[in-house]
Structure formats: structure tokens, C-alpha cells
1. May I have the pair-distance distribution P(r) for the range 77-149, computed from all Cα-Cα distances with 5 Å bins from 0 and rounded to whole percent?
2. How high is the relative contact order of the chain, given as a whole-number percent (alpha carbon pairs under 8 Å, six or more residues apart)?
3. For residue 58 and residue 143, compute 0.36 nm times the residue count separating them, minus their Cα-Cα distance, and round to one decimal in nm.
4. Given the options 11, 191, 75, identify the residue whose Cα lies farthest towards the positive end of the charge dipole of the chain (+1 on Cβ of Lys, Arg; -1 on Cβ of Asp, Glu).
5. Based on the alpha carbon coordinates of the range 3-216, what radius of gyration and maximum Cα-Cα distance (Dmax) apply, in Å?
6. For the range 16-86, state the average projected area of the convex hull of the C-alpha atoms over all orientations, rounded to one decimal in nm².
7. Just want to confirm a number: the relative contact order over the range 24-129, from Cα pairs under 8 angstrom separated by 6+ residues, in percent.
8. Taking the convex hull of the Cα atoms, report for the range 1-53 its projected area averaged over all directions, in nm².
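Every number here is computed from the coordinates shown, using simple stated rules; none is lab data. Since the model is a prediction, treat every value here as computed from it, not as a measurement. Reconstructed Cβ throughout: ideal geometry from the backbone, glycine too, with neighbour counts over all protein chains shown.
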Amino acid sequence: MPRINPSILSADFVNMEADLARIASADFVHVDVMDNHFVPNLTFGPQMVERIQATSPVPLDVHLMIADADRWAPGYAELGAASVTFHLEAATAPITLARRLRRIGARAGVAIKPTTPVEPLFDVLDEFDQILVMTVEPGFGGQSFLAGMMPKLARLHDEVRRRGSQVWLQVDGGVSESTIAQAAEAGADTFVAGSAVFGRESPEAAIAALRDEAAAHHRH
């Protein structure tokens, strides 16, 4: 069953607890941590993530768009995040970092920007629990889905199947009911959606619709 992870970049920050309660049927809540250095935007830090962790009805899927991931990523695992994803471009020792995250108890994810090739990950797939293929340039919510990332995602999916890996394939950026089918057909099984969930009158209905649409187009 496809996983739907609503992004709280699209939530009401003043009423975060109420908005989190509205996505209780989601698989994870996607928390974008930005440092105004690795990406040109500033969002949450550890204290906010700790508060979200304390109030969220579903586990946290933390996406670190920050520099010096080797230093900072373990702290988010120690806060209790179920999954911590760092950017391949921001880590000097990605496998060492992923193993450390796993030892702390989090799922270890690695993300790649649109211009980063996926092939260097092929030989180390099982070092990660999740690979995030960005379908926008990271930094801001509300951007248009980059369909040009689908061949890259499909190559990754085929390699994952060929090697019998259990790694999850996530997409983030511009995911909606009109684009999720493309991502599912290319091989994604985990989908980050922001305004497509929180921008609807019923986030629960939006989650269900996205899940159904992804399931109908899932690549085997």
C-alpha cells in the first residue's frame, strides 16, 4: 500500500496541533528542516521538531535540507523521529551517517536533488531505508512537479527490484492527485504531499484519494 506523508510546510504553524490531528490517517508526517544555508529558506529546528514529535498522531519523517548533515542529523534521530533523511550532497560520509542513524533507532534516508545522479547509490542501496528523489528543487513548498525526474526514479526502481532491496522510494515536490500517478508508475511507493493535503477541505479525504490513485498506478 502506498505511503502518504503530508508535509507540514503547508500546515498552519500557529495551529500545528490541530492540523496534525487532521492527518491522523497518514503514514508519516513529513517535517522539512531548512537552515537557510543548504537551501535558501529557514524553517524548523530541533525544538520545533521535538514539539511536533510530542503532538503528532503519526510518526515523523524528517527531511534535513541542511549543511553538515554528518554533525546534525543524529540529533533528530535522538529526538525520536521514526525516519531521518539527509541530503547526499550535504554529507561527507553518507554510509557512516546512515549506519549511525540506524543504531540510534531511526530509519535512515538519503535524498538527492534534481541534478544529482542516482547511479552512485546503486551499489549501496541496502545501507538506506529510504531514498528520496526530489521532484522540485528543495527549499520551498508549492513548486511545480518536475516530470523530468521520472526516468531517474524508474532507473532506481528497476535497480532496487533487480537487487531485491527493501529500500523505500520517496518523491517530494509538487505531488498532487494530478501528478502522483506519474510518480507511482515510475516506481515511487512513498509520497510527500503538502498543499494537496492541507489545502483541501478534508485532509483525510485527500490522503485517501492520493493513496488510491498511487495504488492504481503502482509499478511492480
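1. 3, 16, 25, 23, 16, 12, 4, 0
2. With pairs under 8 Å counted, the relative contact order is 21 percent.
3. Taking 0.36 nm per residue and subtracting the Cα distance, the gain is 28.1 nm.
4. Sorting the options by dipole projection puts first 75.
5. Final numbers for Rg and Dmax: 15.7, 46 Å.
6. Across all orientations, the range 16-86 yields a mean hull projection of 4.3 nm².
7. Relative contact order comes out at 22 percent.
8. For the Cα atoms of the range 1-53, the hull's average projected area reads 4.3 nm².
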